[in-house]
Amino acid sequence: MARRTTRGLIAAATATVALTAPLTTATAATPAPAASGPQARIFMVNPVQSSGDQTLTDAKDAADAVPASAYTTAALRNLDGSGGLSGRWAYIRSETGAPAKTADAGAYNRDDDRFEQVMAYFWVNEAQEYLQGLGFGSELPGANDRPQAVRLNQWGSDNSFFTDKKDEIRFGKGGVDDAEDAEVIVHEYGHAVHEAQVPGFGSSPEGGAIGEAFGDYLAVEVGSHAATRYGWPVKTDLACVGDWDSVPYSTAPHCLRRVDGDKTYADRVGEVHADGEIWSRALWDIRGALGARTADRIIVNAQFGFAPDTSRAPPPPAPFAERLCQRTPLIPATEAAPSSVSRAATTYSPS
């Protein structure tokens, strides 16, 4: 039980208060969108998740390394009409090779870098649409509700990152090219969301770990929501992040990281990705207690109150659960938090 309390972080505080909250229109299921707009060929999150085949390999970007059944077609929404991958929530700033055209987006395979451009546009747009569906940008403050710049395959290593210097996401290549896996795309978008909410967020080691955790959690959540929305198969463990990207550097079943691990604060090692698994488990627990959409509405809204250098700190003047009530309209502000909630909240409180 002691390990659960430490690992839970804010989970107990949030869950106990919010379980009594009434549902709003923002918690309703999002229907599948109409098939309007240019049709794009994309992966259903990633080919390992949709097929369950842990033997798939990159094979140097070979088109026949992934079966045709791993692809689907979906509409590219919120485009600006330019004929390129530019729209309300995302735009491809630069790329290696020829820029993708929306008129041809349904024909690209993974051996063509333009496929990754299409993946990046689709999944950044999908992530922002998910946040919009939670009420961010309407009844709640916007969370990166602006066009997000993306660069493809111009980082010459198997790594991707968000940079606040230019407010852009850069996807690398090598092994499985990063923009072939929707969970990698959305993970990096999670960093952009955090930066938009709290400029400079992650300037402390523990803040950086929280940022990595949120990126992992958002990646799993948006992918799960899309699979339900479009009726796609999910044949691997949902809590596994980056099933496809991690094929070259992990053993089966392939995972970059997990959001349901057993790490606690005592297990931190000072590396943000590893330590992020402490926080992502807390977010996963909140999701399990409240359901995905209610949990995500609370989790994302709470982040507006984080400091750039958030870290473990003495208890704040007001219980964290009380501050969540004040910040999130989903929870009645007049509803008092039980004393047990306050004690749990001080176990690990953002400052």
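The values are calculated or read from the model by the stated rules, or taken from the named source; none is laboratory data. Because the structure is a prediction, the values reported are computed rather than measured. Cβ sites come from the backbone with ideal geometry, for glycine too, and all protein chains shown count toward neighbours. These area figures cover heavy atoms from the full protein model, side chains too; ligands, DNA and RNA do not enter into them. Shrake-Rupley method; radii C 1.70, N 1.55, O 1.52, S 1.80 Å.
Odds and ends about this structure:
- When the stretch 235-274 is filtered for residues that are open to solvent by 60 Å² or more (accessible area, probe 1.4 Å), of a type in the set (Gly, Ala, Ser) and part of a helix (DSSP H, G or I), only Ala266 remains.
- Screening the stretch 84-105 for residues that are open to solvent by 40 Å² or more (accessible area, probe 1.4 Å) and of a type in the set (Gly, Ala, Ser) and picking the one that is modelled with the highest pLDDT gives Ala103.
- The criterion of being modelled with pLDDT of 90 or more, among the charged types (D, E, K, R), farther than 27 Å from Arg41 by Cβ and open to solvent by 40 Å² or more (accessible area, probe 1.4 Å) holds for Glu139.
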